[in-house]
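Take a look at the structure set out below.
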Amino acid sequence: MPANPSYQRLLALGEQQGGLTTHDLQQVLDVEQLSIHELSDILARLEHAGISVDIDAALLSPGPRTAGLG
């Protein structure tokens, strides 16, 4: 995953902003196409890298993930 361009963009954005939001994730990733496992893995890697992620819990729930799109 570290070589993934989307992950690198999120990492850089998180470092620049001091953290990430659900909106940031949705701007960089095709969240609807990711499995919950893939999304959880990305979040864990960001947290491990010291990037805090303020995420809507509905994004990690089964079913359509449209949290924060209103």
Return the pair list, or none, for Cβ contacts closer than 6 Å from residues in the range 37-49 that are more than 14 Å from LEU11 (Cα to Cα) and in contact (Cβ under 8 Å) with a residue 40 or more places away in the chain to residues that are open to solvent by 60 Å² or more (accessible area, probe 1.4 Å) and of a type outside the set (Lys, Arg), at least 6 apart or on different chains. none
Residues of the range 4-38 being assigned to a helix (DSSP H, G or I) and among the hydrophobic types (A, V, I, L, M, F, W, C), which ones? LEU10, LEU11, ALA12, LEU13, LEU25, VAL28, VAL31, ILE36
Which residue is modelled with the lowest pLDDT, if the candidates are limited to the range 39-54 and must be surrounded by 16 or more Cβ atoms within 10 Å (Cβ to Cβ) and outside any helix (DSSP H, G or I)? VAL53
Taking ASN4 and the conditions (1) over 9 Å from the mean Cα position of the chain (by Cα); (2) closer than 16 Å to LEU60 by Cβ, which numbered condition does it fall short on, given that it satisfies the others? (2)
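The values are calculated or read from the model by the stated rules, or taken from the named source; none is laboratory data. Predicted model, so just to flag it, every value in this text is computed and none were measured. Cβ: placed from backbone, ideal geometry, glycine included. Neighbour counts: every protein chain shown. Note: accessible area is taken over every heavy atom of the protein model, side chains too, but ligands, DNA and RNA are not part of it. Shrake-Rupley method; radii C 1.70, N 1.55, O 1.52, S 1.80 Å.
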